[in-house]
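Structure first, then comments.
The values are calculated or read from the model by the stated rules, or taken from the named source; none is laboratory data. Fair warning: this is a prediction, and the values are worked out from it, not measured in the lab. Cβ coordinates were reconstructed from backbone atoms using ideal geometry, including for glycine residues, and neighbour counts include every protein chain displayed.
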Amino acid sequence: MNAQLADLYQEIILRHHKSPHNCRALPEASHRSQGRNPVCGDEVEIYLNIEGGHIRGVTFQGQACAITRASASMLTEALLGKTTGEATAFAETLLKELRAADQTPEAPAHLNGDLRALFAVGRFPARIPCATLPWITLKAALAGQPRTLLSPSAK
């Protein structure tokens, strides 16, 4: 990854951290889950309003680092309007790709927009769990699990 692209990705992460999108509780949520990374103390809660099999509302809140907050903010934008099946498949694919970001730091071609910036974490493998926590929590919410704990050994 060239320095100019790395700077752009850092700018996108910081923008989502400082002004996260959809950062609030969702009173009408039909699904929600709290995720926690015990290693660093990051906590995030994902709220979903699912109607007719589609995500009609998605928000988050929590106390977390810049990468976790940015990832959660991007999640809320990426999933609105998707079916629960599409959201699950998207999250599973993205998690697999993020977990390998230290070996393949370039963002996959199928991603567009701000989500590409998450792959900059590949330069800092210890931060990969920060990027994945919101997506793991999303999967727990979709599965009806109210809490999820990121494994200390998870990458």
query = Are there any pairs, at least 6 apart or on different chains, whose C-beta atoms fall under 7 Å, with the first in segment 93-107 and under 16 Å from TYR9 (Cβ atoms) and the second surrounded by fewer than 15 Cβ atoms within 10 Å (Cβ to Cβ) and of a type in the set (Lys, Arg), and if so, which?
reply = PRO105/ARG123
Matching residues, segment 99-133, being assigned to a helix (DSSP H, G or I) and surrounded by fewer than 15 Cβ atoms within 10 Å (Cβ to Cβ) = GLY113, ARG123, PRO125, ALA126
query = Which of the residues belonging to segment 115-131 are more than 15 Å from THR68 (Cβ to Cβ) and charged (D, E, K, R)?
reply = ARG116, ARG123
Yes/no for ALA140 being of a type in the set (A, V, I, L, M, F, W, C), surrounded by 17 or more Cβ atoms within 10 Å (Cβ to Cβ), modelled with pLDDT of 95 or more and more than 14 Å from GLY35 (Cβ to Cβ) = no
Pick from segment 74-98, criterion in contact with a strand residue (DSSP E or B) (Cβ under 7 Å, 6 or more places away or on another chain) and not hydrophobic (A, V, I, L, M, F, W, C), ranking: surrounded by the fewest Cβ atoms within 10 Å (Cβ to Cβ) = GLY81
ask   = Does ARG36 satisfy the condition of being of a type in the set (Lys, Arg), free of Cβ contacts under 8 Å to residues at least 60 places away in the same chain and surrounded by 14 or more Cβ atoms within 10 Å (Cβ to Cβ)?
value = no
query = So PRO134 fits all but one of (1) more than 14 Å from ILE67 (Cβ to Cβ); (2) of a type outside the set (D, E, K, R); (3) in contact with a strand residue (DSSP E or B) (Cβ under 7 Å, 6 or more places away or on another chain); what number is the exception?
reply = (1)
request  = Filter segment 102-123 down to residues that are over 23 Å from VAL58 (Cβ atoms) and in contact with a helix residue (DSSP H, G or I) (Cβ under 9 Å, 6 or more places away or on another chain), then give me how many there are.
outcome  = 8
query = Given the conditions (1) surrounded by fewer than 15 Cβ atoms within 10 Å (Cβ to Cβ); (2) at pLDDT 95 or above; (3) more than 24 Å from ALA107 (Cα to Cα), which single one is not true for LEU48?
reply = (1)
